[in-house]
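Trainee: Quick one: this structure, given as structure tokens, is what I'll be asking you about.
Throughout, read-outs are computed from the coordinates displayed, never taken from laboratory work. Note that this is a predicted model, so its numbers are computed, not measured. Positions of Cβ are backbone-derived with ideal geometry, glycine not excepted, and every protein chain shown enters the neighbour counts.
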Amino acid sequence: MSRKKVTILDIQKRKKNNIPITMLTAYDYTAALQVDQADIDIILVGDSLGMVMLGYPGTTQVTMAEMLHHCQAVARGTSAAFLVGDMPFMSYQADVAEAVRNAGRFLKEADMDCVKVEGGQEIANTVQAIVKAGIPVMGHIGLTPQTVSQLGGYRIQGKTAASAQSLLEDALALQEAGCFSIVLEAVPAPVATVISERLTIPTIGIGAGAGCDGQVLVYHDMLGLYDNLKPRFVKEYGKIGEAVITAVQTYTEEVRSRHFPAEEHTYPMKEAEEAAFLAAVAGR
């Protein structure tokens, strides 16, 4: 039985009713089909695709064209989950008007339901402008991969009282600017819990503990498909990467030993047609 399309109101009601929100990334049509059928609330087309799909060393190399391409594929495979498109590095930081135009492309060209941006108080005015244009915005604070160099690497944020207070102020500023939800990444659990309690909008945690209103993981991480970077907060729900390698190795061995393709994998001919063909070939 098909389920109804998840909306912002549904997501906000989950916080009000203390029902955890589920979110997972997807980057292509097939993954979107699988995740959507698994009853996920939100699908994020994250700029983490730069690493897990395109082989970049980080997220800053991802372009608008690449994000829109993957968002379009995911949208074609999704019928019910709420869709979030990650705005890539430098698509919204330099100019507010450009940020609004780029955000609009995610909805107009790629069928996303909203966009996600990284940053706190410093991008509040940009968020406000995007929301004013009729485009829903999900915020993202804590560890922000697009500015990982500025943060000194992939480090936990909010470990001191002062930095934790700054994160709370960032979250409140984003809420005031119009964000309907905020991702908290790599934040100590007590800090994330307080932020979640103080906000009226839902928080989605990734490495931020169980006190958030929902959780998100990267598709490739939780399935064991990507081993280059394995954060502490990742839980593998499958060893799909190992299964793929084993399957390909078996295929290679069977081809080389001529065990594949077997008779059941081939298309036969009628005996008379085969005989006629072989006779014609032999007569040349």
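Trainee: Just the Cα atoms of the range 174-279, one point each, no solvent: what log10 I(q)/I(0) does Debye give at q = 0.11 Å⁻¹?
Mentor: Result of the Debye calculation: -0.59.
Trainee: Within the set LYS16/LYS239; LYS15/LYS116; LYS13/LYS239; LYS4/LYS108; LYS15/LYS132, which residue pairs have Cα atoms separated by over 26 Å? Let's see the in-between values first.
Mentor: On the way: LYS16/LYS239 35 Å; LYS15/LYS116 19 Å; LYS13/LYS239 34 Å; LYS4/LYS108 22 Å; LYS15/LYS132 24 Å.
Long pairs (Cα-Cα over 26 Å): LYS16/LYS239; LYS13/LYS239.
Trainee: Another one. Kirkwood Rh and Cα-based Rg: tell me the resulting Rg over Rh for the range 85-219, rounded to two decimals. Don't skip to the answer; put the middle values down first.
Mentor: Working: Rg = 14.0 Å, Rh = 14.8 Å.
Value, to two decimals: 0.95.
Trainee: Can you give the direction-averaged projected area of the convex hull of the alpha-carbon atoms in the range 125-204, in nm²?
Mentor: Spelled out: convex hull of the Cα atoms, projected over all directions, averaged, 5.1 nm².
Trainee: Dividing the convex hull volume of the Cα atoms of the chain by its residue count, what figure in Å³ per residue is obtained?
Mentor: 188
Trainee: Of ILE195, SER2, GLY55, which is farthest along the charge dipole of the chain in the positive direction, counting Lys and Arg as +1 and Asp and Glu as -1 at C-beta?
Mentor: Towards the positive end, the residue furthest out is ILE195.
Trainee: Something else now. Output the Kirkwood hydrodynamic radius of the range 243-282, Cα pairs only, in Å rounded to one decimal.
Mentor: 12.5
Trainee: Another question, if that's okay. What does the charge count near ASN125 come to, summing +1 for each Lys or Arg and -1 for each Asp or Glu among other residues with Cβ under 14 Å from its Cβ? It would help to have the intermediate numbers written out before the result.
Mentor: Details: positive: LYS132; negative: ASP95, GLU98, GLU122, ASP170, GLU176.
So the surrounding residues net to -4.
Trainee: Based on the alpha-carbon gyration tensor of the range 59-136 and its eigenvalue square roots a ≥ b ≥ c, which shape applies: rounded if a/c is under 1.5, prolate if not and a/b is larger than b/c, or oblate?
Mentor: prolate
Trainee: Let me ask something else about it. Using per-residue counts of other Cβ atoms within 10 Å, averaged over each peptide, order 78-90, 241-253 from highest down.
Mentor: 78-90, 241-253
Trainee: Let me ask something additional. Please label the shape of the range 1-126 as rounded, prolate or oblate, based on the square roots a ≥ b ≥ c of the eigenvalues of the alpha-carbon gyration tensor (a/c under 1.5 means rounded; beyond that, a/b larger than b/c means prolate, else oblate).
Mentor: Cα axes put the range 1-126 in the oblate bin.
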